[in-house]
Amino acid sequence: MARRVAVANNKGGVGKTTTTVRLAEALAKAGRRVLVVDLDPQGNASRRLGWAFTPEAPQLTISEAIQADQDGVAAQVIQPIGWDAEYASRIALCPARLELENRMAEAGVAGAWRRLAKALDGADGHFDYTLIDCPPSLFHLTQLAMAAADRVLVVTEPEYDSVEAAVRVRDFIAERARDLANPDLQLVGVIINAMQNLASHTDQRDSVRNIFGGLVWEPIVRHRSLLVDADGDELPLTEVRGEKATEVRGAYELLAQQFVKAMPA
Ligand SMILES: Nc1ncnc2c1ncn2[C@@H]1O[C@H](COP(=O)(O)OP(=O)(O)OP(=O)(O)O)[C@@H](O)[C@H]1O
Ligand SMILES: [Mg+2]
């Protein structure tokens, strides 16, 4: 069975999706097979991986798999990504669209929080890792991810509200993992993203290290506009030129090595 990691923070725009996509890329480059589950109705991970909805031949998405409430049903929604890179064949996607919001209405249905775990059981066995890109909330969709995951990876910017939100994720796991029938769930790491040369960022970086100690992964990802461009243009990082691109690729390669070490198969 694939080792499953939910990528989360209770704050929007901190780089959860960027981290999910770039870690998937670096893991695939290193020969690993990765399933990306887009669990955000914004569908950002799906688009950034080059996937597009085609109304004339509508594809199934993770929303239908969750709604179905059946073991292994996610196998029916796994699709190739749209990148033109040699390693892209080692990344597959359970895409999301706005319709995923409809699953929120099931939050009060008995056992509904187990539906993603059920959908993935028997569906992701041929991958090394399943990365689940969460929305910025801690409500039903993220709880589906936490019920399905082995570990949670937190992404935070070195900014006060983002760090507080990261702490809320940690505390939520401590309080609720048992309620999600996943008592062994725990944080696997904290990635600091979009660091700039600002005194406030240095202070918050130190604060993250104080709070999370050895869980903080290295290196810190710098604020680099090429990541916005690559995300915007749906490109793998191998298609981005320049010295800064080499730095960013190198950072994700090192983070992928930490990931593999922290999540032995
Ligand atoms: N290290 C970085 N340097 C510069 N821009 C970045 C960096 N990481 C992410 N971004 C950009 O910041 C924006 C927000 O990132 P992203 O969408 O990954 O955040 P998110 O946490 O997934 O947001 P949401 O909560 O809406 O899902 C995007 O435009 C992304 O390209
Ligand atoms: Mg996102």
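Readers should treat all values here as calculations from the given coordinates under stated rules, not as data from a laboratory. Bear in mind that the values here come from a model prediction, so they are computed numbers and not experimental data. Positions of Cβ are generated from backbone atoms using ideal geometry, with glycine treated the same way; all protein chains shown enter the neighbour counts.
Before moving on, here are some points about what is shown:
- Residue within region 111-129 that is assigned to a loop (DSSP other than H, G, I, E, B), free of Cβ contacts under 8 Å to residues at least 60 places away in the same chain and within 16 Å of ligand 1 (Cβ to nearest atom) present: no
- Scan of region 157-179 for residues that are in a helix (DSSP H, G or I) and of a type outside the set (D, E, K, R), ordered by number: TYR160, SER162, VAL163, ALA165, ALA166, VAL167, VAL169, PHE172, ILE173, ALA174
- Residue check for ALA145: farther than 15 Å from VAL14 by Cβ and within 16 Å of ligand 2 (Cβ to nearest atom): yes
- Residues of region 212-253 satisfying the condition of being surrounded by 15 or more Cβ atoms within 10 Å (Cβ to Cβ), aliphatic (A, V, I, L, M) and part of a helix (DSSP H, G or I): LEU215, LEU226, LEU227, ALA230, LEU237, ALA245, VAL248, ALA251
- Of all residues in region 154-175, those satisfying the criterion of being in contact with a strand residue (DSSP E or B) (Cβ under 8 Å, 6 or more places away or on another chain) and not charged (D, E, K, R) are VAL154, VAL155, THR156, PRO158, SER162, VAL163, ALA165, ALA166, VAL169, ILE173.
- Residues (farther than 23 Å from ALA75 by Cβ, within 16 Å of ligand 1 (Cβ to nearest atom) and among the basic types (Lys, Arg)) located in region 15-47: LYS16, ARG22
- Restricting attention to region 204-253, the residues that are within 19 Å of the chain's Cα centre (by Cα), away from ligand 1 (no atom under 12 Å from the Cβ) and over 23 Å from GLY50 (Cα atoms) add up to 4.
- Of residues in region 1-47 being among the hydrophobic types (A, V, I, L, M, F, W, C), part of a helix (DSSP H, G or I) and more than 15 Å from ligand 2 (Cβ to nearest atom), the one surrounded by the fewest Cβ atoms within 10 Å (Cβ to Cβ): ALA26
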